[in-house]
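> This structure is in structure tokens; I'll ask about it shortly.
What follows is calculated from the coordinates using simple rules that are stated; it is not laboratory data. Please read all numbers here as calculations on a predicted model, not as lab measurements. Positions of Cβ are backbone-derived with ideal geometry, glycine not excepted, and every protein chain shown enters the neighbour counts.
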Amino acid sequence: MRTSRRMLGQIRWAVFVAFLFSGCINILMLALPLYTLQIFENVVPVGSIETLLVLSALIAGAIASLALLEIVRDRIMLRAGVWIDHELGQDILENGLKHRASAADLKADARALMRLRAFLTSPAMMPLFDAPFVPFFLLILIALHPMIGLVAATAAILLLLTALVHIFTTTKLHEETSQSSERAEHWWSTVAGNGQLAGALGIGPGATSQWEWFNRAQIASSYSLGKRSGFVKVVSRTVRLSAQAGVYGVGAWLVVGGELTPGALVASAILISRVIGPLEQLVGSIKAIRTAWVAYRRLKALPSDAVVPALADRDAAPHGAFVLSQVVVHHPSRRTAALRAVSLDIAPGSCLALVGPNGAGKSTLAAVIAGAVVPTSGAADLDGVPVHKWQRWEGLPPVGFAPDEPALIEGTVHANIARFREASLTAINATAVRAGVHEILQALPEGYDTNVGPQGRHLSLSERRAVSLARALHGSPCMIVLDEPEAGLDGAGVRRLIDTLNALKETGVGLVIATQDPRLLALADNIALLGQGSLVSLEEASSMLDSYESTRTRQQPAESVGLH
């Protein structure tokens with residue numbers, strides 16, 4: 001079973017391997033100070049060219065090995081970053097849709113993955129590899145002379161304290177900056193995505209002012225964060241320069257006093273950079289490290305892609321027995337329930353019409369039956385399994401859904417009908433013919449290869465509805481749920497829709513239609529009358545339809561209502 005924890009565990013193993021290579025790299029870093037020490041101790045005093053050649057060959061081999069190890073370490077981290085981006089990125093989207101994650105959560109998860117990958121492949125990762133070896137080099141400096149070691153230890157402690165101060169003084173500001181930046185970016189994207197409409201509605205000046213207010217908060221927090229980070233950067237650089245100067249000054253004093261050799265002084269100057277260098281880089285990388293840690297924790301907490309036991313052993317789609325038991329639905333930020341204790345039984349192959357005044361809950365109930373809305377309480381089961389789990393299993397959804405507002409994703413008409421899965425053009429054409437929309441789609445500029453645009457904006461409403469209906473029929477579902485399918489259709493379009501639905505009924509496909517049109521109500525075997533979110537009655541279609549038609553005729557005596 002693929003989980004974010006398991007994939008992140010593999011990344012931790014890759015980081016550990018890279019850390020082992022870093023250990024070898026840090027050991028090879030001793031080659032240069034040892035080389036200089038031997039030059040001053042054994043070559044210069046005696047003038048031995050042979051010793052110089054041997055030492056030079058050794059240092060050349062060490063430098064070549066060092067370069068090779070760094071290439072391998074960097075390649076490991078690069079491959080780890082690419083792998084986690086590919087594997088976990090796919091899992092985030094697929095698993096998020098299965099668990100009904102919100103758009104905001106999916107964006108935040110994707111952003112966390114992007115930040116983690118960027119950190120794994122960035123230079124900010126290197127101080128974490130090198131900092132654990134600081135005590136090793138510090139001990140060598142102490143071995144050369146305790147005074148040199150004291151200068152290095154003092155610098156290391158000051159840099160660590162600077163890093164802690166950086167963390168404590170910028171954590172809250174960093175969170176505020178991130179939140180305000182995301183808020184301003186989201187507002188900009190929302191307004192820009194509806195730019196033409198916003199301009200026509202006169203929203204432009206007000207939207208610009210609102211963005212400026214959001215952006216001003218982001219600028220203020222960024223400015224404060226930059227001031228504190230800049231101060232910490234100056235302090236860390238001052239400590240580094242003071243430590244280097246201190247090593248030269250103390251070392252020169254020791255050389256004059258005969259307590260240290262010139263070779264040891266040069267070696268100490270090289271080694272001090274291995275003590276304070278990683279710590280100074282660590283101070284500068286605090287922001288990146290904190291961001292990556294927050295992203296890692298978020299990704300680690302993602303839910304696993306566990307398979308529903310009731311679906312794990314299924315080899316075929318359900319038969320279509322649908323049961324709603326005391327379904328209650330509360331929409332966010334609404335006090336009253338959209339649906340209240342609705343119970344229904346829908347037999348396989350039957351046609352149920354949902355009727356009622358506007359706001360009665362027809363669209364919400366249709367969405368519950370289609371698995372698009374999960375009940376707050378109660379159950380909506382298809383063959384004994386929650387329908388929203390059926391709709392998110394590995395196979396094609398057993399319930400086709402054409403909502404009132406068609407939901408299309410940027411891509412071709414073919415891809416939208418096929419739900420962006422593999423499907424031949426022949427199969428898509430057959431589905432469109434079955435849905436009665438082949439002529440509409442074939443007449444598009446590029447036929448089934450026409451790009452629908454963002455949210456389907458390149459198509460008219462009737463064309464979007466045609467794509468949505470064809471998608472609902474794709475994959476031979478056992479039930480089709482339609483929400484106001486007659487909206488936007490002329491008389492010929494409604495007649496074509498009725499012919500399509502009649503053909504579906506004859507093949508045993510169940511139908512649920514939320515409508516007020518008596519021509520579509522004539523198809524129903526049962527009619528569910530809703531009022532204020534509750535099921536008022538469930539009646540045989542014939543008697544309720546006669547009553548409904550007579551009421552409309554009395555209200556509109558000049559209009560002749562025909563049933564087909």
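> Short version: ³J(HN,Hα) in whole Hz for each residue of region 417-434, in order, from phi by Karplus 6.51 cos²θ - 1.76 cosθ + 1.60 (θ = phi - 60°), x for Gly and Pro, what are they?
Taking θ as phi minus 60°, the curve returns 5, 7, 6, 6, 10, 6, 7, 6, 5, 4, 5, 5, 4, 4, 5, 5, 5, 4 Hz for region 417-434.
> If you don't mind, another one. How far, in nm, would the chain grow between Val255 and Asn358 when pulled straight, counting 0.36 nm per residue and subtracting the alpha carbon separation?
27.7 nm
> Averaging over all projection directions, find the projected area of the Cα convex hull of region 317-555 and quote it in nm² with one decimal place.
13.0 nm²
> Report the paramagnetic label zone for Val15: residues of region 59-77 whose backbone N is under 14 Å from a point 7 Å from Cα along the Cα-to-Cβ axis.
Once the point is set 7 Å along Cα→Cβ of Val15, 77 turn out to lie under 14 Å by backbone N, inside region 59-77.
> Amide H of Met479 versus every other amide H placed in the peptide plane: which residues, excluding those fewer than 5 positions away on the same chain, fall under 5 Å?
Under 5 Å from the amide H of Met479: Gly400, Gly510.
> Starting from the eigenvalues of the Cα gyration tensor, five times each then square-rooted, give me the equivalent ellipsoid semi-axes of region 89-153, largest first, whole Å.
Rounded to whole Å, the semi-axes are 47, 9, 9.
> Positive end of the charge dipole of the chain (Lys, Arg +1 and Asp, Glu -1 on Cβ, about the Cα centre): tell me which of Ser242, Phe322, Ser221 has its Cα farthest that way.
Checked the options; the winner is Ser242.
> Report the extension gain between Glu70 and Ala245 in nm, rounded to one decimal, defined as 0.36 nm multiplied by the number of residues separating them, less their alpha carbon distance.
60.1 nm
> Which pairs in the list Lys107/Lys233; Lys233/Lys300; Lys98/Lys300 are over 22 Å apart, alpha-carbon to alpha-carbon?
Numbers: Lys107/Lys233 32 Å; Lys233/Lys300 32 Å; Lys98/Lys300 17 Å.
Cα-Cα > 22 Å for Lys107/Lys233; Lys233/Lys300; rest within.
> Another question, then. Return, for the Cα atoms of region 4-300, the radius of gyration and Dmax in Å, separated by a comma.
Rg and Dmax of region 4-300, Cα atoms, are 25.4, 90 Å.
> Shifting gears a bit: Say the dipole of region 317-555 comes from +1 at the beta carbon of Lys and Arg and -1 at that of Asp and Glu; which of Ala418, Val385, Leu444 then lies farthest toward its positive end?
Val385
> A follow-up question, please. To the nearest 10 degrees, how steep is helix 461-473 against the longest Cα principal axis of the chain, on a 0 to 90 scale?
90 degrees
> Sticking with this structure for a sec: What whole-number volume per residue, in cubic angstrom, does the convex hull of the C-alpha atoms of region 328-405 give?
Expressed per residue, the convex hull around the Cα atoms of region 328-405 is 119 Å³.
> Please return the longest range in the chain lying between exposed loop sites, taking GluC sites (Glu not before Pro), DSSP loop only, at most 11 other beta-carbon atoms within 10 Å, and leaving the sites out.
With a cap of 11 other Cβ atoms within 10 Å, the longest stretch comes to 1-393.
> Note down the relative contact order for the chain as a percent, whole number, built from C-alpha pairs under 8 angstrom at least six residues apart.
14 percent
> Search the structure for amide H atoms under 5 Å from the amide H of Ile513, placed 1.01 Å from N in the peptide plane, and list their residues when 5 or more places away or on another chain.
Here the answer is Leu352, Ala353, Leu354, Leu482, since their amide H atoms fall under 5 Å of that of Ile513.
> Here's another thing I want to ask about it. How many Å³ per residue does the convex hull of the Cα positions in the chain occupy?
Output value, Cα hull per residue: 212 Å³.
> Among the trypsin sites (Lys or Arg not before Pro) in region 379-436, which ones are in a DSSP loop with at most 10 other Cβ atoms within 10 Å of the Cβ? Mind listing them?
Sparse-neighbourhood loop trypsin sites (Lys or Arg not before Pro): Arg421.
> Please turn the phi angles of region 9-18 into ³J(HN,Hα) values with the Karplus equation 6.51 cos²θ - 1.76 cosθ + 1.60 (θ = phi - 60°), one per residue in order, whole Hz, x for glycine and proline.
For region 9-18, the Karplus-derived couplings read x, 5, 5, 4, 5, 5, 5, 5, 4, 4 Hz, x marking Gly and Pro.
> List the trypsin sites (Lys or Arg not before Pro) in region 451-486 that DSSP assigns to loop (not H, G, I, E or B) and whose Cβ has at most 16 other Cβ atoms within 10 Å. Which are they?
Hits after loop and neighbour filter: Arg457.
> Subtracting the Cα-Cα distance from 0.36 nm times the residue separation, let me have the gained length for Glu175 to Ala341 in nm, one decimal.
On the way: separation 166, 0.36 × 166 = 59.76 nm, distance 4.26 nm.
My answer for the length gained is 55.5 nm.
> Before anything else, pin down the relative contact order of region 4-300: Cα pairs under 8 Å, at least 6 apart, normalised by residue count, whole percent.
31 percent
> Please list 3J(HN,Hα) in residue order for region 224-231, calculated via the Karplus relation 6.51 cos²θ - 1.76 cosθ + 1.60 where θ = phi - 60°; whole Hz, with x for glycine and proline.
So the Karplus estimates, Gly and Pro as x, are 5, 5, x, 4, 5, 5, x, 5 Hz.
> What is the sum of charges around Leu138, taking Lys and Arg as +1, Asp and Glu as -1, for the other residues whose C-beta is under 14 Å from the C-beta of Leu138?
0
> Then there's this: If I model a spin label at Gln442 and His330 as a point 7 Å from the Cα along the Cα→Cβ vector, what separation in nanometres do I get?
Placing both labels 7 Å beyond Cα along the Cβ direction yields 5.2 nm.
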